[in-house]
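**Q** Okay, here's the structure, questions in a sec.
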Amino acid sequence: MRADRYNFAAAEPKWQQTWEQNQVFTTGSREDRQKYYVLEMFPYPSGRIHMGHVRNYSMGDVIARFMRAKGYDVLHPMGWDAFGLPAENAAMQGKKHPAEWTYANIATMRGQLKALGLSLDWSREIATCDPAYYKHQQKLFLDFLRAGVVDRKQSKVNWDPVDQTVLANEQVIDGRGWRSGALVEQRDLTQWFLRITKYSDELLSGLDSLDRWPEKVRLMQRNWIGRSEGLLARFALDTPVGEAREIEVFTTRPDTLFGAKFVALAPDHPLSHKVAEKDPLLAAFIEECHKGGTSTADIETAEKKGYDTGLTVAHPFDPEWRLPVYVANFILMDYGTGAIFGCPAHDQRDLDFARKYHLGATPVVCPEGVDPGTLVIGDEAFDGEGRLVNSRFLDGMTIAEAKEEVARRLETTDLFGRPQGARKVNYKLRDWGVSRQRYWGCPIPIIHCESCGPVPVPDADLPVTLPEDVSFDQPGNPLDRHPSWKHVACPCCGKPARRETDTMDTFVDSSWYYARFTDPKNTAEPASHAALSRWLPVDQYIGGIEHAILHLLYSRFFARAMRDSGHGDVSEPFAGLFTQGMVVHETYRAADGAWVSPAEIRIEGGEGGRRAYLLSDGTEVAIGSIEKMSKSKKNTVDPDDIVATYGADTARLFVLSDSPPDRDVIWSDEGAQGAWRFVQRLWRITGELGRVAAPGGAAAPAEFGPAALDLRKATHRTVAAVSENIERLRFNSAIARIREFVNELTSALDAVTETPVNADLAFAFREAAEALIRLVAPMTPHVAEECWADLGCAGLVATAPWPVADPALVAQDLITLPVQVNGKKRAEILVAHDADEASVRAEALKQEAVQRAMEGKPLKKFILVPKRIVNVVV
RNA sequence: GCGGACGUGGCGAAAUUGGUAGACGCAAGGGACUUAAAAUCCCUCGGCCUUGGCCAUGCGGGUUCGAGUCCCGCCGUCCGCACCA
């Protein structure tokens, strides 16, 4: 007896078990087929999954199931980005070991993901905190070291005083730590660096080949790498300061050299410090510069300030021409050389500075068509195109010509035995400092020996595992405090030595996990060459836009560093990238301003608008703005609750259907109920279709009547449209087409007056029913299996091939053409799809409405866009 | 400040990429079934007038037989970067 309602609570676990038992989603059994690697950004095991995960993994799952049905050998794995600070924070508060906390979270979240029915190959599951994983990361680190991609150097680092660790530049946002939000301090520390800058040019030019990446992400990376071409130029000091006889500046505008009015140094420039030793006022000025905040607001409002050192330098093209040397607060030590020459007429910052210290502004570039004599610089510097003026031998040249000429001359003139200038390409990208003073991360496999220096841990001794007996009762690094862990013998000389106690930035863990998934059980190496060549690059990667720079740039770098140290030959790890939107929700606030969660309220609708009331005592709460789901605003919806109430299919369908995937989707209970209704409707219509459909496998009749033909056309058009929409990742449109098809099927069923129906119609219903189930299966796989079985179809829909649209049935033979008169639609005509222009024209002009709109005027022009539109111009 | 994206009914959106604007859904209103409710089904649903029209894709221009789509100028919202020489 067929149930009236689809019972998801029974069906979902049943099908999940069936898939698992039959190993439907295990990869690698179809080596003869073309591969497809679909990957979603793996989660941090924070405790529970959230709706963002549901959306992310539902999208990946649609693609995985679709490509599997299309006959590809699909790799769709899942793992855990399992190292990180929250585990240590939890350890400090809850006295639970980070490993225990992390693995408990993984167990919970794995269960939650499994309840969603994702077609994942769980046999490839990895966790980055597993020694079996980080062993290979340590190996990679040492291979990188040998390949010259690892560096150890002292540098100014961003120190997060709350998390008590170092942050990479990419992890500092508006001068604050990306995780703690604390104001970052500058400290001098010796650090391990990954030399990402070695690949600056390659990472930049590689972006051009990533045509399946969002333009936005490519642009962000381009800007982050920040390539600029310029010139290093050396200015001789009139009076040497100690050893220093010159100042070297970097400029992208060497053409404006004759407009120079001053030279300025960064407060932390070595020369600034040198002069400050004998000039207490300068020392005080530098001190003041350090105080200035680095937040957005501070920088915007910061006044350009300088200190005249009293030093002067000679102009490179005129030894008699003196320029004053300032120390200025707006010069950055870590870009270029930390020194500039200022050309106020053509640079706004230089102009602001020059106005303040009365240094003048001589224009040297004059826009085309302007009389140089009338050229005056007001409050705005001129940075447009033009020709050189007031510039001696450069006069009359274009900017490009002048740049070239200045570079050529300075390269061939001598200063203190070296060319005075040199062309230089500069980047904003910095090397990636990976040392972190934390416990819960991958140990850096190095041993420090007093006589041998830093020595790599021999491969045979890998992995260097974390000690388990550590305490978190005081700040700082537990590894450093551990009584015995760091004391080891030097692998070189055998003398007592000390382990590196820093661990790696957790972004290292996620920079190569996609490669590990290709060969997750390999104990000898990170992944075999064969596995890497078979599976990389990832064909479709899906995740949040928040990783546009950090994770995606690091991964692109890692692929190249792996390539250059003998691990595979892939440069770009992700051929296709899709950045999905967030799941957002309304916020609710009680009268006292406290946030209220959606679970605590009920909504009442009506023509007066929606109002929200507390369930507990019925008092009204204010409906606030729609925001990203967050614990602090309590506007979260727990996926577990949704799965328990509506089932996984409903949750999946809703996050896919309401908005385009790259835009935010607004979670609402009404929307979820809409998805729920559709899941039930699928079950109901399958039952109705089953009653009129031919048995599975029935042969096609020789001829089809009009009703059967119409139905078949609807089916094949839907198949074509849904396939295209999924291919283009437009899941919302795919679902809309399926819903439309269900509406069409309902009408077709209504038209059935007597049963059994004719064989041709029965066949068409069978075809429609099976197509419908296969089309919805990627989105709502459980109800699809249930319907598939209900229709008596063989096997599982999860392993059924994707339906193929017959082009003959997709094409229309009769088409409705709108007829416009002077661009306004006046009528519609029904014509054969291949009707010639003359007959279409005759038919169009025959229309009464067309004649009326023509008002008896003669036809000027007749436009026919085949299969689109007719336009009559009078 | 620089760079980018976007702006369509009450709401989320669609529009074959220059060719019937509003598919599909949510909300709302009306009706059927029911003792009642739930569920389900049917109808209406951009605005304005009298059938038939007119006006409508942020605003103002332009190109075109034809513009939501292309171009120019505004307005607004969101995102990224940020004293980068």
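The values are calculated or read from the model by the stated rules, or taken from the named source; none is laboratory data. Because the structure is predicted, anything quoted here is derived from the model rather than measured. Neighbour counts are summed over all protein chains in view; Cβ atoms, including those assigned to glycine, are modelled from backbone coordinates with ideal geometry. What goes into the accessible areas is simple: the full protein's heavy atoms, side chains included, and nothing from ligands, DNA or RNA. Shrake-Rupley method; radii C 1.70, N 1.55, O 1.52, S 1.80 Å.
**Q** Which condition breaks for A:LEU656 when tested against (1) open to solvent by less than 60 Å² (accessible area, probe 1.4 Å); (2) more than 11 Å from RNA strand B (Cβ to nearest atom); (3) touching a strand residue (DSSP E or B) at 6+ places or on another chain (Cβ under 7 Å)?
**A** (3)
**Q** Further, regarding this structure: Could you check, for segment A:577-585, whether at least one of its residues is under 26 Å from A:ARG730 (Cβ atoms) and open to solvent by 30 Å² or more (accessible area, probe 1.4 Å)?
**A** yes
**Q** Provide a single number: the residues in segment A:460-503 that are part of a strand (DSSP E or B) and polar (S, T, N, Q).
**A** Count: 1.
**Q** Pairs needed: first member in segment A:526-548, under 29 Å from A:VAL665 (Cα atoms); second member anywhere, open to solvent by less than 10 Å² (accessible area, probe 1.4 Å) and of a type in the set (Ser, Thr, Tyr); C-beta distance under 7 Å; at least 6 residues apart or different chains.
**A** So the pair list comes out as A:VAL538/A:TYR37; A:VAL538/A:TYR514; A:ASP539/A:TYR37.
**Q** Another question, if that's okay. Within segment A:98-134, track down each residue that is closer than 24 Å to A:LEU653 by Cβ, of a type in the set (D, E, K, R) and open to solvent by 10 Å² or more (accessible area, probe 1.4 Å).
**A** Selection gives A:ARG110, A:LYS114.
**Q** Test of understanding: among A:VAL870, A:VAL840, which residue is within 9 Å of RNA strand B (Cβ to nearest atom), more than 30 Å from A:ILE726 (Cα to Cα) and buried (at least 19 other Cβ atoms within 10 Å of the Cβ)?
**A** Working: A:VAL840 fails: within 9 Å of RNA strand B (Cβ to nearest atom).
Residue meeting the stated conditions: A:VAL870.
**Q** In segment A:723-774, what residues are away from RNA strand B (no atom under 16 Å from the Cβ), small (Gly, Ala, Ser) and open to solvent by 30 Å² or more (accessible area, probe 1.4 Å)?
**A** Within segment A:723-774, A:ALA759 is the sole residue that qualifies.
**Q** Just to confirm my filter: which helices (runs of 4 or more DSSP H) fall fully inside segment A:764-874 and include at least 1 residues that are of a type in the set (Ser, Thr, Tyr) and over 30 Å from A:ARG2 (Cβ atoms)? Steps first, answer last, please.
**A** Details: elements: A:781-790, A:807-810, A:837-846, A:848-854.
It comes to A:837-846.
**Q** Still on this structure, please answer the following. Is there any pair linking a residue in segment A:817-838 that is free of Cβ contacts under 8 Å to residues at least 60 places away in the same chain and within 14 Å of A:VAL872 (Cβ to Cβ) to one that is more than 7 Å from RNA strand B (Cβ to nearest atom) and among the charged types (D, E, K, R), with Cβ under 6 Å and at least six apart or on different chains, and which?
**A** Pairs that qualify, where the first residue is free of Cβ contacts under 8 Å to residues at least 60 places away in the same chain and within 14 Å of A:VAL872 (Cβ to Cβ) and the partner is more than 7 Å from RNA strand B (Cβ to nearest atom) and among the charged types (D, E, K, R), are A:ILE829/A:GLU843.
**Q** If you don't mind, another one. Filter segment A:482-541 down to the residues that are open to solvent by less than 60 Å² (accessible area, probe 1.4 Å), farther than 30 Å from A:LEU210 by Cβ and among the polar types (S, T, N, Q) and list them by number.
**A** Passing the criteria: A:THR501, A:THR503.
**Q** For segment A:180-215, give me the residue count where each residue is among the basic types (Lys, Arg) and either under 12 Å from A:VAL166 (Cα atoms) or in a strand (DSSP E or B) (or both).
**A** Counting residues in segment A:180-215 that are among the basic types (Lys, Arg) and either under 12 Å from A:VAL166 (Cα atoms) or in a strand (DSSP E or B) (or both) gives 2.
**Q** In addition: Quick one: would you say A:GLU627 is open to solvent by 30 Å² or more (accessible area, probe 1.4 Å), acidic (Asp, Glu) and closer than 21 Å to A:ASP211 by Cα?
**A** No.
**Q** So, in segment A:308-364, how many residues would count as being within 13 Å of RNA strand B (Cβ to nearest atom), hydroxyl-bearing (Ser, Thr, Tyr) and not in a strand (DSSP E or B)?
**A** Here the count works out to 2.
**Q** Hey, among the residues in segment A:624-661 that are outside any loop (DSSP other than H, G, I, E, B) and of a type in the set (S, T, N, Q), which one's nearest to the chain's Cα centre (by Cα)?
**A** Ranking the candidates gives A:SER657 first.
Residues checked against (1) closer than 28 Å to A:ILE63 by Cβ; (2) more than 15 Å from RNA strand B (Cβ to nearest atom):
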residue: A:ASP790; (1), (2): yes, yes
residue: A:PRO801; (1), (2): yes, yes
residue: A:VAL821; (1), (2): no, no
residue: A:VAL831; (1), (2): no, no
residue: A:ASP836; (1), (2): no, yes
residue: A:ALA849; (1), (2): no, no
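**Q** Return the pairs, sorted by first residue and then second, in which the second residue is open to solvent by less than 100 Å² (accessible area, probe 1.4 Å) and more than 10 Å from RNA strand B (Cβ to nearest atom), the first residue lies in segment A:854-872 and is closer than 16 Å to A:GLU828 by Cβ and without any contact (Cβ under 8 Å) to a residue 60 or more places away in the chain, the beta carbons are less than 6 Å apart, and the residues are 6+ apart or on different chains.
**A** A:LEU864/A:GLU837; A:LEU864/A:VAL840; A:VAL870/A:ALA844
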